C-alpha cells in the first residue's frame, strides 16, 4: 500500500524509466476532470441501486418463505 501511495504522488513517463515527484497535483487534476467525476457519480448511483434492489428482493423472498 505504501508503494501505491508513493507512486500516486509522482508523474512517470509512459515507459516507466523516470519519474518526478508532483505531490498532490495528480489528485487535483483528477478531481477537476469532468470524465472522472461523471464516472464516479455513475458508479455511486449504480452501487446504491444494486444494493437497495438486492436488499428489497431478498426481503421479499424471505417474507414469502415465512
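Each value in this text was obtained by applying a stated rule to the coordinates, not by laboratory testing. Only a predicted model underlies this, so the values are computations on that prediction, with no experimental measurement involved. Cβ placement follows ideal geometry from the backbone for every residue including glycine, while neighbour counts extend to all protein chains displayed.
Some notes on this structure:
- Angle between the chain longest axis and helix 34-65 axis [Cα atoms, degrees, rounded to 10]: 20
- Residues residue 13 and residue 37, FRET efficiency given R0 of 30 Å [Cβ-Cβ distance, rounded to 0.05]: 0.65
- Taking only the alpha carbons of the chain, we obtain Rg and Dmax values of 20.5, 63 Å in that order.
- Helical mean residue ellipticity (222 nm; -39500 (n - 2.57) per DSSP H run of 4+; nearest 500) of the chain: -23000 deg cm²/dmol
- The label point for residue 47 and the one for residue 59, both projected 7 Å from the Cα toward the Cβ, are 2.1 nm apart.
- Estimated FRET transfer efficiency (residue 30, residue 4; beta-carbon r; R0 22 Å; 0.05): 0.90
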